[in-house]
Amino acid sequence: MLMIISAWVSIFFTILLAPSKHLWALITGQGFFLAFFSMSWFFLQDFNFFNSLFLIDNISGPLSILTCWLFPLTMLASQSKLCLEPVNRQRAYIANSTFLQLTTLLAFTASDLMLFFIFFEASLVPTMIIITRWGAQERRLEAGMYLAFYTMLGAIPLMIWLIKFYSTQGSLLPTLTHPLLITQAATNYPGLFWATYNAAFLVKLPMYCLHLWLPKAHVEAPIAGSMILAGTLLKLGGYGILRTSPLLLEDTLNQTLLIMLVAILGILATALLCLRQTDLKSLIAMSSVSHMNLVVAAALICTPWSYSGAMVMMIAHGLTSSALFCLANTSYERTNSRTMILLRGTLLIFPLAGTWWLTVALFNMAIPPTINFAGEVLIMASLFSWSPVAFLIVALNLIFTTAYTLYVLWSTQRGPLPNHIKTLFPYQTREHLLFLLHTLPGFLLILKPDLIFL
Ligand SMILES: *[C@@H]1O[C@H](CO)[C@@H](O)[C@H](O)[C@H]1NC(C)=O
C-alpha cells in the first residue's frame with residue numbers, strides 16, 4: 001500500500017520536471033497508468049488487507065478504486081480551459097489536485113480512526129485552494145468560506161469523541177475497537193450521541209439542512225473541483241458513517257427518528273427543488289444532495305441490505321454525478337453559460353454528445369439494469385421492511401428524480417437553438433473518451449455488481 005501511495009506521490013516529480021508542452025499529456029498518461037496499477041493491486045488483495053497503517057476491506061476498497069479512477073478523468077476534463085493559463089499556474093493546479101487525490105486516498109485507506117480524521121480534514125485544504133484560486137466567479141471566496149466553516153464546525157464533536165475514546169481505550173483501530181465501541185455506545189442518549197459525533201460526516205455527505213455549502217461550492221468550483229467533490233469527497237462522509245456504524249445499535253433507530261425524518265424530507269425537498277433550478281450545475285449539486293440523503297436514510301436503518309445499498313449508491317452516484325458535471329462543463333466551455341435555457345437545442349448539432357447525455361441521464365434515473373438501480377432497490381427494500389409508510393413517501397422520489405432528469409435532458413437537448421449562438425466548436429475525441437470512461441465502469445458493474453456489495 002505504501003508503494004501505491006509513493007507511486008501517486010511521483011506525480012509531483014512529473015509536474016516539476018515535465019516540459020510545459022507535454023505537461024498534460026504526461027500527467028494524464030501517468031494518471032491512467034497509476035489508476036490501473038492501483039486498481040490491479042486492490043483487486044489482487046481481494047479487498048482484504050490490514051496492517052497498522054492501512055486497512056482495505058469491502059467498504060474502503062471500492063471507494064479507493066473510485067478515487068483512483070476519477071483522478072485521470074479530472075485531468076482529462078480540465079485541460080482545455082487550463083491550457084490557456086500561465087504554465088506555473090497549470091503546474092500549481094495539478095499539484096493541488098494531486099494533493100487532494102493523496103489526502104482522499106489516504107483517508108479511505110487509513111486504518112487508524114485518528115489518521116482517517118486527519119486526512120478527512122486535510123482534504124479540505126486543497127479543495128478550498130482549488131475552489132478559491134481557479135473558480136470562475138467572484139463569489140468563489142464566499143463559497144470557500146462556507147465550505148470551510150461548515151466542515152470545521154461539524155468536525156469538533158468528532159475530534160473530542162476520538163480523543164476521549166483514545167484516552168480511555170488506548171486504540172483507534174476499527175477492527176480492534178468494534179466490540180469496545182458497542183459497549184461504549186450504551187450511553188443514556190444513544191441517538192443524540194450518534195448524531196453529535198457523526199455531525200462531521202453528515203455535513204460532508206451532506207444531510208439536508210446542513211447542505212447549504214454544497215450548491216455554492218459546486219457552482220463556483222472549476223470542473224476538476226466539482227468532479228472530485230461530487231465523486232469522492234461526499235463519499236468520505238458516507239464512508240465515515242459506515243466505518244463507525246457498529247456504534248448504532250439496532251434499537252437506536254427510534255432515537256434517531258428525527259434525523260431519519262430530516263433525511264426523508266431532504267430526499268423529496270431537494271428532488272423537487274431540482275425542478276425549479278435554472279442553473280445546470282446547481283441542479284446537479286441538488287440532485288447529489290437528494291441521492292446522498294438516501295445514503296443517510298440507509299445508514300440509519302442499519303441492516304446488511306441497507307449498508308450494501310448505501311455502498312452501491314455511493315459508487316454509482318460517484319460515477320454518474322461526475323459524468324453529469326463533465327457534460328455540463330462541455331456545454332459551459334462552448335457557451336460560457338450554465339443557464340439551461342441558453343444551452344438548449346444541441347441535440348441536432350451534436351448527436352453523439354446527445355447520446356452521452358441520454359446515457360448518463362438514464363443512469364441518474366436509475367433505469368433497471370444499471371448499478372444505480374441496484375442501489376436504490378436495496379435501499380428501498382430495507383426502507384420498506386422498516387416502515388411501509390416511509391417507503392411510500394420515499395417512493396415519490398423516484399417520480400421526482402425521473403422528472404428532473406427528463407427536465408435536464410429536455411432543456412439541454414431539445415428545442416430550437418438560441419439565436420445568439422453563432423459558432424459552436426465540435427466535440428473533441430478527448431471529451432468523448434472522457435464520457436466513455438465514465439460510463440464504461442457503470443456498464444461493467446452491471447455485469448458484476450457483487451464487487452461493491454458489502
Ligand atoms: C496549490 O496552489 C498554490 C497556488 O495557488 C501553490 O502555492 C501551492 O504550492 C499549491 N499546493 C501544492 C500542494 O502544490
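All of the numbers you see were taken from the coordinates with simple rules; none came from a lab. Predicted model, so just to flag it, every value in this text is computed and none were measured. Here the Cβ positions follow ideal geometry from the backbone for every residue, glycine too, while neighbour counts run over all protein chains shown.
Here the label points at E333 and K422, each 7 Å from Cα along the C-beta direction, are separated by 2.3 nm in the simple model.
Relative intensity of segment 265-453 on a log10 scale, I(q)/I(0) at q = 0.10, 0.12 Å⁻¹, equals -0.41, -0.58, per a Debye sum over C-alpha point scatterers of equal strength in the absence of solvent. By its C-alpha gyration tensor, with a ≥ b ≥ c as the square roots of the eigenvalues, how is segment 398-454 shaped: rounded for a/c under 1.5, else prolate for a/b larger than b/c, else oblate? Oblate, because a/c is 1.5 or more while a/b does not exceed b/c.
For K281, the aspartates and glutamates whose Cα falls under 16 Å of its own Cα, not counting residues fewer than eight places away in the same chain, are E220, E333. Against the chain, whose longest principal axis comes from its Cα atoms, helix 371-386 is set at around 30 degrees. Label separation (Q169 vs L44): 3.3 nm, computed from points 7 Å beyond Cα along the C-beta direction. Stretched out straight at 0.36 nm per residue, the stretch from F443 to R89 would grow longer than its current Cα-Cα span by 123.8 nm. Per residue, the convex hull spanned by the Cα atoms of the chain measures out at 130 cubic angstrom. Taking the helices alone, the chain has a mean residue ellipticity at 222 nm of -24500 deg cm²/dmol, built from -39,500 (n - 2.57) per DSSP H run of at least 4 residues and averaged over all its residues.
Kindly express, to the nearest 10 degrees and within the range 0 to 90, the angle between helix 280-301's C-alpha long axis and the longest C-alpha principal axis of the chain. So the inclination is approximately 20 degrees. For the Cα atoms of the chain, what angle does the longest principal axis make with the long axis of helix 174-184, in degrees from 0 to 90, nearest 10? Helix 174-184 sits at roughly 50 degrees to that axis.
The label point for F13 and the one for R139, both projected 7 Å from the Cα toward the Cβ, are 4.4 nm apart.
Relative to the current alpha-carbon distance between H22 and T429, full extension at 0.36 nm per residue lengthens the span by 144.7 nm. With contacts taken as Cα pairs under 8 Å at a separation of at least 6 residues, the chain carries a relative contact order of 15 percent.
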